[in-house]
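Take a look at the structure below.
What follows is calculated from the coordinates using simple rules that are stated; it is not laboratory data. Quick caveat: nothing in here was measured; it's all calculated off a predicted structure. Positions of Cβ are generated from backbone atoms using ideal geometry, with glycine treated the same way; all protein chains shown enter the neighbour counts.
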Amino acid sequence: MIWQLKPSLVAVSVLLLSACSNQLNPTERAQDIANTPELWQQATTSALKVEDNWLQQLENPQVFFLVEQALANNQQILQSGYDVAIKQQQLIATGAALWPSLDLSTRTNRSKDNRPVSYNNASSANLTLSYEIDLWGKLSDAQRQANLEFLAEQANFEQSKQRLVGDVVSGWFNVITAQKLLALYQQREKNAEQNLAIIESGYRQGLNAALDVYLTRNELNTERSRIAGQKATLNQAIRTLERLTGDYPKGALTVEAELPLLDKPIPLGLPSELITRKPSLMASWYQLLSTDANLAYAHKQRFPSLDLSATLGDSTDRVSDLFSPSSLAWSLVGSISMPLFDAGRLKANEEAARLAVLSQEQNYLASLYDAFNDVEQAISQEQSLQQRYQATLKAQENAIAAEQLSFEQYQSGLVTYTTVLDAQDRSFDAQSSVIEIKNQLIINRINLHIALGGDFSQPTNASTEQ
């Protein structure tokens with residue numbers, strides 16, 4: 001329903017309608033969450049501020065270079081960057097509704113009459129200024145929603161960068177782990193070859209049984225099989241890392257580094273700080289505020305809207321005479337439009353927006369408590385892995401000594417060769433477990449940094465050499 005208003009009535013309408021608009025402004029949510037733990041349950045250190053330079057603690061130029069390369073070339077992170085740019089342009093487009101729009105339209109027509117024969121020319125031009133008065137703050141709510149969606153996309157982008165850096169560093173350590181295990185298998189192959197040479201020599205001298213020769217040959221072939229499998233695992237780890245850095249499929253990456261033992265405590269901060277420092281939680285919070293703004297917008301769609309338009313135009317037989325001061329025509333129109341009957345469409349849209357707010361509230365709470373749980377799990381895993389590492393390290397020392405002693409006793413005829421094989425298996429399991437647990441400690445430490453929302457910082461003198 002549309003009424004044409006005189007300019008004097010337009011001003012009166014603005015005053016009457018705007019008197020009610022202040023009652024519809026949404027109240028800003030407070031980011032106060034009940035049941036937030038005061039301290040981490042598994043924490044054994046003081047709640048110092050979470051560090052943001054965990055990447056620099058590695059002090060390795062190659063990993064710095066790989067991280068820089070990934071941030072510049074990884075397809076998923078580039079796509080996330082474009083998503084942020086799209087949201088920014090959508091924000092600009094939404095904010096344009098708060099400003100007047102100015103349109104120019106021109107038309108030229110030529111026609112022929114047969115009785116009598118004549119030709120007619122007609123040209124027209126109109127300059128139209130349109131403006132919707134934001135009486136209820138509806139357009140402001142739309143802009144606010146777009147702004148919050150932009151902020152949420154930015155926060156998701158930051159979280160994606162942190163996760164990518166964590167994946168690159170984890171992938172780098174996975175390559176090192178695969179290399180260490182391959183070197184262990186190759187050393188065991190060398191030992192098996194030496195054992196086989198000794199046992200075959202003893203067999204030819206009648207000192208060893210044929211069964212011992214077969215068992216040793218079986219052990220050697222087993223080690224060679226493990227080497228083949230580990231080479232494939234190493235190549236896969238290299239390809240995965242290259243895929244993350246956008247350097248796939250060269251498969252030529254070489255890594256020369258050791259697996260460090262990370263036993264320095266991590267500053268954990270307070271659980272309440274996680275809400276405002278972790279990008280994924282901030283993104284979820286912005287999404288919740290965005291649904292609030294969308295609900296306000298859907299509610300205000302059911303109220304009248306006031307539009308003002310001014311038109312300046314002219315029509316003439318010749319294009320050169322357009323906008324001649326003597327023939328210009330103008331009009332000023334104010335219109336109020338209000339929905340009267342829409343079969344419940346606007347009401348249903350508002351109800352859907354309200355339900356979306358309730359859904360997003362639960363999504364935010366789930367994200368928040370999942371974030372708390374991720375930190376607690378990483379802290380607990382850290383403690384468990386440290387205990388396992390110390391116990392496995394002692395087991396490795398004992399297993400290596402037992403392996404050497406069993407072979408010496410075998411050569412003296414005190415034990416059978418199956419005892420030697422059993423000792424070798426225990427030694428192998430202990431040595432490989434030490435390598436794998438050290439890697440698990442590193443990966444868990446990286447995941448803990450990301451779970452805490454700890455950012456990374458690039459060193460200024462990072463080397464560009466691989």
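Summary of computed values
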| quantity | calculated |
| --- | --- |
| Farthest toward positive dipole pole in the chain [+1 Lys/Arg, -1 Asp/Glu at C-beta], among H449, L151, L385 | L151 |
| Within-14-Å neighbourhood charge of D263 [Cβ basis; K, R +1; D, E -1] | +3 |
| Contour excess over end-to-end distance, with Cα ends at R224 and T316 and 0.36 nm allotted per residue | 23.7 nm |
| Footprinting exposure proxy for H299, H449 (fewest neighbouring C-beta atoms within 10 Å first) | H299, H449 |
| The chain - mean residue ellipticity at 222 nm from DSSP helices (-39,500 (n - 2.57) per run, n ≥ 4, rounded to 500) | -22000 deg cm²/dmol |
| The range 143-158 - phi-based ³J(HN,Hα) in whole Hz, Karplus 6.51/-1.76/1.60, Gly and Pro as x | 5, 4, 4, 5, 5, 5, 5, 5, 5, 5, 5, 4, 5, 4, 5, 5 |
| Using a Förster distance of 51 Å, the FRET efficiency for R217-S384 (Cβ separation, nearest 0.05) | 0.80 |
| Prolate/oblate/rounded call for the range 71-194, Cα gyration tensor, a/c under 1.5 rounded | oblate |
| Additional length obtainable on full extension of the chain from A348 to E256, 0.36 nm per residue less Cα span | 26.9 nm |
| Local electrostatic count, P37, Cβ distance below 12 Å [Lys/Arg +1, Asp/Glu -1] | -3 |
| Within the range 373-403: backbone nitrogen closer than 15 Å to the Q409 label point (7 Å, Cα to C-beta) | 398-403 |
| Inter-part distance where the range 121-142 and the range 344-389 are each reduced to a Cα centre, Å | 43 |
| Pairwise label distance in nanometres, D52 with D307, each label 7 Å out on the Cα-Cβ vector | 4.8 |
| Using θ = phi - 60° and Karplus 6.51 cos²θ - 1.76 cosθ + 1.60, couplings along the range 375-392 (whole Hz; Gly, Pro as x) | 5, 4, 5, 5, 5, 5, 5, 4, 5, 5, 5, 4, 5, 5, 5, 4, 5, 5 |
| Förster-model FRET efficiency, 45 Å R0, L393 and R29, C-beta, rounded to 0.05 | 0.30 |
| Under Karplus coefficients 6.51, -1.76 and 1.60, residue-wise ³J(HN,Hα) of the range 298-312 in Hz, glycine/proline x | 5, 5, 6, 5, 8, 9, x, 10, 10, 10, 10, 9, 10, 10, 10 |
| Set of lysines near K394 by C-alpha distance (under 22 Å), chain-local residues within fewer than 8 positions excluded | K180, K264, K438 |
| Projected label distance in nm at Y131 and Q41, using a 7 Å step from Cα toward the beta-carbon | 6.0 |
| For L135, residues with placed amide H under 5 Å, excluding near neighbours | L306 |
| Calculated Rg/Rh (Cα atoms, Kirkwood Rh) (choose from (i) 0.97; (ii) 1.02; (iii) 1.25), label | (iii) |
| Mean separation of Cα contacts under 8 Å (6+ apart) over length of the chain, as relative contact order % | 28 |
